[in-house]
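Visitor: I have a structure I would like to understand better, so I am pasting it below and will then ask my questions one at a time.
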Amino acid sequence: MKWLKRGGWMLLVVLIAGFVALATWEPFFAPATERPAGSAQRGYSAEIIRDDYGVPHIYGETDADVAFGVAVAQAEDDFFTLQDVAAMSRGRYGAIAGQDGAQFDFAYHLIDARGTAERHYDALPADTRALFEAYASGLNHYASQNKDEIKLANLFPMSGKDVAAGFALRQPFFFGLANVIGPLVEGEALRREFGPDIPGFPRETINSDQPDNAGTTPDQTAHSLVLPSPDEAGLSGSNAFAVTPEKSGGPTTLISNSHQPLRGGVAWYEYSVESEEGWHFTGANFPGSPFPFLGHNRHLGWTNTVNRPDMVDVYELVMDESGTRYELDGEWRELESKTVTLPVKLGPINLPIRRTVHRSVHGPVIINNNGAFVIRYGGMDQLEQLDAYYRINKATNLEEWQAQMARMAIPSTNFIYADEAGNIAYVYNASIPDRPEDVKANWRGILPGNRSDLIWEGTVSYEELPKLINPASGWLYNANNEPFTAAGAGSDLDPADFSPVLGVERKQTNRSRRAWKLLSETDVLDRANLERIKYDVTYERAGYVADLWDALEAMGHYSSDSQAFYDGLQLLKEWDFTADNDGPADALALLMIRDFMSAEYQNKNEVPDVREMLQKATEHLMEHFGRIDPPMSDLLRLRQGDIDLPLDGGSDTLRASTTWEVSEDGRLSLVHGDSFIQWVEWNEGERVTSRSIQPFGAAITRPKSAHYTDQMQLFVDHKLKPVYFWREDVIANAKQRYTVSSLY
């Protein structure tokens, strides 16, 4: 019995040792951050002035000083999210968020985000690198002063190169890379392409369900971690408007109306910057950026909407029997393979999950049960966007701004522009692959991976992109629609002027249909009329909305249908197509439309079943409200802390309440929709002025702060607060004023 007891103790020791190892291995396994070679220690100093809404205005002698202050200010308001972004930037998010985080870590290794930063960071201009090093130093400074808030050991210090790797990881998912990676990992059919048909190659559903490739062994198949699609991650939506002084009857107007998640790594953070080196800008960024992505300086401004060009090509490789070599132009080449470790948090431990990532000369390779597939996408393996965003922050006129856009460094998103001289512009910006038009190939399908003539290099030129400068109509807009409806009849671009190989999307949203109609019908686009258009809550009976209501009107009812189902069907048939909280069918319509909007917007291969959706919607309302016709404002809510407010708008109305999570009480708590709104005006002979709003407040993850919820009522009431762009206005409205400084 002694040996049995001894064995039991040994087993217990082994189990404890294993638990300790799983609980502690990850921080020691993570690579340490090193200071860039040849860099010297330097100090940073920034002044932070917070206004009556807690919005930080950051001042410094140099741009780098300001970037340091940006990091500190945002950490003061949302260090929780900044740590998530920092972990993503180093391939360690799974150690915080478990399997969901490991999805991003897998993508980090698959697209070689770190390798991209390693290869290209040192080639960036010195002042751009200084900006990123200073921003990383600001994060490190805050972490060193607030160690009790750190949720992952050895995450800090960060370097500028770490921050750059985060850019390389996140940017491709704005143009839908997850819609390719996810299905390929699972061996499922890819979603329909957004672009027009290419002559000789009609549109098709791209299917990877083909016979197994020889040599694909079980340990090479892709794992089951699947990245969230853009609609699930909230990476879609936005409205943007620009109006000339002639059309407004007064100022040149720029309206930024982004639709992003209200919280998390792609939620907007508002701030202003000003340095003695000429950087003076107000706008918003995503956590992890030293500069604003949209907003205005004294001379000009811009905003963005997500666009969806065909920027990703998929190739199928011909593999040999060993599964380690692929054929290219009749020769066999070795597949590059690397095993990586993904930390996956499970309770108090981190499981080390080993996966193999592959690359060919085309790009990242995903091996599934159907074969080996390669993805190649616009903007792959480049970091120039870091410099281009910085330069357009400091542009002073349309010519300078366009010169930076023409670099084709910013991989995607539409740009709507306006300036003090009365110019307005729309650029369908995208690093569209420079596909050879003289090669016969179906760029909408899966391409043969054994032909090097199909491996394109670089992007098309700026001149080839759809764009409009100062249209005769005097207005421009985009609402995630094709670029061929942007300025009204007589001013819009002709799609026949652009090659189908570009893969420009041919899609409309309800927001686009409404904006085009309302802008076209309005003689003077003054502030009152623009507010009416921006907060419009009407659906056009067109596109997927028409298809859905046609299906409802054609639907019969069975004797087995509940009374609630029957009554709901009749209500929807009589709906007035407005999500204004003033109608008995608004709540039911809200529940019906979202999934159909998502299927259309994301080009999903299947749409929801109308009968099933109506059954679920009526059951939900009966369960939680005891009726199928509660006021929509009782159903749709803006919630943060103890504040619980009613909302208007729908999933695809210009006043956007796009997606939500269902709370325990059955209410819908908004998670994605109208987010940062900024309204900019340049009156002739006057200084620029602007107003803005956030759904919650500046201190988005600080419940004890007065600025955790202080913008919510204004947001619900369709109101904006002043932006204090000029220093004397900032000081006059200052509620806090302090200096932060540190040595690297």
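Visitor: Taking the Cα-to-Cβ direction at residue 322 and at residue 566 and moving 7 Å from each Cα, how far apart do the two end points lie in nm?
Guide: The two pseudo-label positions are separated by 7.2 nm.
Visitor: Another question, then. Mean residue ellipticity at 222 nm from the helices of the chain, using -39,500 (n - 2.57) per DSSP H segment of n ≥ 4 over the full residue count, to the nearest 500 deg cm²/dmol?
Guide: Rounded to the nearest 500, it is -9500 deg cm²/dmol.
Visitor: Right, another one. Might you report the magnitude of the Cβ-based charge dipole of region 387-467 about its Cα centre, with Lys and Arg at +1 and Asp and Glu at -1, to the nearest 20 debye? Write out the running numbers ahead of the final one.
Guide: Details: 8 positive and 12 negative charges, 70 e Å.
Roughly 340 debye for region 387-467.
Visitor: Let me ask something else. Return the long-range amide H neighbours of residue 294 (sequence gap of 5 or more, or a different chain), with a cut-off of under 5 Å between placed amide H atoms.
Guide: 284
Visitor: Please give the contour-minus-distance gain from residue 739 to residue 400: 0.36 nm per residue of separation, less the Cα-Cα distance, rounded to one decimal in nm.
Guide: Working: separation 339, 0.36 × 339 = 122.04 nm, distance 3.32 nm.
Value of the extension gain: 118.7 nm.
Visitor: Further question on the same structure: List the trypsin sites (Lys or Arg not before Pro) within region 374-419 that DSSP assigns to loop and that have no more than 15 neighbouring Cβ atoms inside 10 Å. Display every interim value, and only then the final one.
Guide: Working: sites: 376, 391, 394, 407; in loops: 394, 407.
When the trypsin sites (Lys or Arg not before Pro) of region 374-419 are filtered for loop state and at most 15 Cβ neighbours within 10 Å, 407 remain.
Visitor: Kindly flag which residue pairs out of 467/507; 151/338; 151/704; 440/507; 147/704 have an alpha-carbon separation exceeding 23 Å in this structure. Could the numbers behind the result be given before it?
Guide: Values: 467/507 17 Å; 151/338 29 Å; 151/704 19 Å; 440/507 26 Å; 147/704 19 Å.
The answer is 151/338; 440/507.
Visitor: Okay, next question. Do me a favour and compute the ellipsoid semi-axes for region 266-364 from its Cα gyration tensor, root of five times each eigenvalue, largest one first, whole Å.
Guide: On the way: eigenvalues 381, 112, 32 Å².
After scaling each eigenvalue by five and taking roots: 44, 24, 13 Å.
Visitor: If you don't mind, there's one more thing I want to ask. Quote the relative contact order of the chain in percent (integer), defining contacts as alpha-carbon pairs under 8 Å separated by 6+ residues.
Guide: 17
Visitor: If we sort 111-120, 652-661 on the protection proxy, mean other Cβ atoms within 10 Å, highest first, what's the order? Show your work: numbers first, answer last.
Guide: Details: 111-120: 19.6, 652-661: 23.8.
Taking the mean over residues of other Cβ atoms within 10 Å, the ranking is 652-661, 111-120.
Visitor: Also: Pick out, from 529, 546, 563, the residue whose Cα sits farthest towards the positive end of the charge dipole of region 524-571, with +1 on the Cβ of Lys and Arg and -1 on the Cβ of Asp and Glu.
Guide: Result: 529.
Visitor: Suppose R0 equals 22 Å; then what is the FRET efficiency for residue 61 and residue 127 from their Cβ-Cβ distance, rounded to the nearest 0.05?
Guide: Working: r = 14 Å, r/R0 = 0.62.
Using R0 = 22 Å, I get an efficiency of 0.95.
Visitor: Using the Kyte-Doolittle scale, find the helices of the chain whose mean hydropathy is at least -0.5 and whose Cα atoms extend 20 Å or more along the helix's long axis, counting only whole DSSP H runs.
Guide: Values: long enough: 2-29 (39 Å, 1.06); 63-89 (26 Å, 0.50); 126-145 (28 Å, -0.38); 586-601 (22 Å, 0.68); 610-625 (22 Å, -0.58).
Correct list, ordered by number: 2-29, 63-89, 126-145, 586-601.
Visitor: Over the heavy atoms of residue 190, what accessible area does a 1.4 Å probe trace out, to the nearest 10 Å²?
Guide: 10
Visitor: Now a separate question. May I ask you to list the GluC sites (Glu not before Pro) in region 391-446 that are in a DSSP loop and have at most 15 other Cβ atoms within 10 Å of their Cβ? Don't jump to the answer; show the numbers that get you there.
Guide: On the way: sites: 399, 400, 420, 437; in loops: 420, 437.
Counting only loop positions with at most 15 other Cβ atoms within 10 Å, the GluC sites (Glu not before Pro) in region 391-446 are 437.
Visitor: Now for a separate question. Peptides 362-374, 339-351, 301-313, 724-736: what's the order by average Cβ count within 10 Å, highest mean first?
Guide: Values: 362-374: 22.8, 339-351: 17.5, 301-313: 25.2, 724-736: 15.0.
Result, highest mean first: 301-313, 362-374, 339-351, 724-736.
Visitor: Follow-up. Put +1 on the Cβ of each Lys and Arg and -1 on the Cβ of each Asp and Glu in the chain; which of 317, 504, 610 then has its Cα farthest toward the positive end of the dipole?
Guide: Projecting each Cα onto the dipole axis, the largest value belongs to 317.
Visitor: Can I ask one more? Evaluate the distance, in nm, between pseudo-label points positioned 7 Å from the Cα of residue 339 and of residue 453 along their respective Cα→Cβ axes.
Guide: Taking the simple label geometry, residue 339 and residue 453 are separated by 4.1 nm.
Visitor: Another question, then. Apply the a/c threshold of 1.5 to the C-alpha gyration tensor of the chain and tell me whether it is rounded, prolate or oblate.
Guide: Values: a/c = 1.25, a/b = 1.10, b/c = 1.13.
Here the chain falls in the rounded category.
Visitor: Under a point-charge model restricted to the Cβ atoms of Lys and Arg (+1) and Asp and Glu (-1), what is the dipole moment magnitude of the chain relative to its Cα centre, in debye to the nearest 20?
Guide: Details: 67 positive and 106 negative charges, 464 e Å.
That gives the chain a dipole magnitude of about 2220 debye.
Visitor: Still on this structure, please answer the following. Keeping the other protein chains in place, figure out the carbon and sulfur percent of the accessible area of the chain, with a 1.4 Å probe.
Guide: Details: 14300 of 28270 Å².
The computed percentage sits at 51.
Visitor: Let me ask another. Select from region 664-694 those trypsin sites (Lys or Arg not before Pro) which occupy a DSSP coil region and have at most 15 other Cβ atoms within 10 Å, ordered by residue number. Display every interim value, and only then the final one.
Guide: On the way: sites: 667, 687, 691; in loops: 667, 687.
Sparse-neighbourhood loop trypsin sites (Lys or Arg not before Pro): 687.
Visitor: While we're on this one: Would you mind computing, in nm to one decimal, how far apart the modelled labels at residue 729 and residue 276 are, each placed 7 Å from Cα along Cα→Cβ?
Guide: The modelled label-to-label distance comes out at 2.5 nm.
Visitor: Under 18 Å from a label point 7 Å along Cα→Cβ of residue 627: give me every residue in region 657-673 with its amide N that close.
Guide: 666-668
The values are calculated or read from the model by the stated rules, or taken from the named source; none is laboratory data. The structure presented is a predicted model; accordingly, all values stated were derived computationally and were not measured. Note that each Cβ is placed from the backbone with ideal geometry, even for glycine, and that neighbours are counted across all protein chains shown. Ligands, DNA and RNA are stripped out before the accessible areas are found, and what is left, the full protein with its side chains, is counted by its heavy atoms. Shrake-Rupley method; radii C 1.70, N 1.55, O 1.52, S 1.80 Å.
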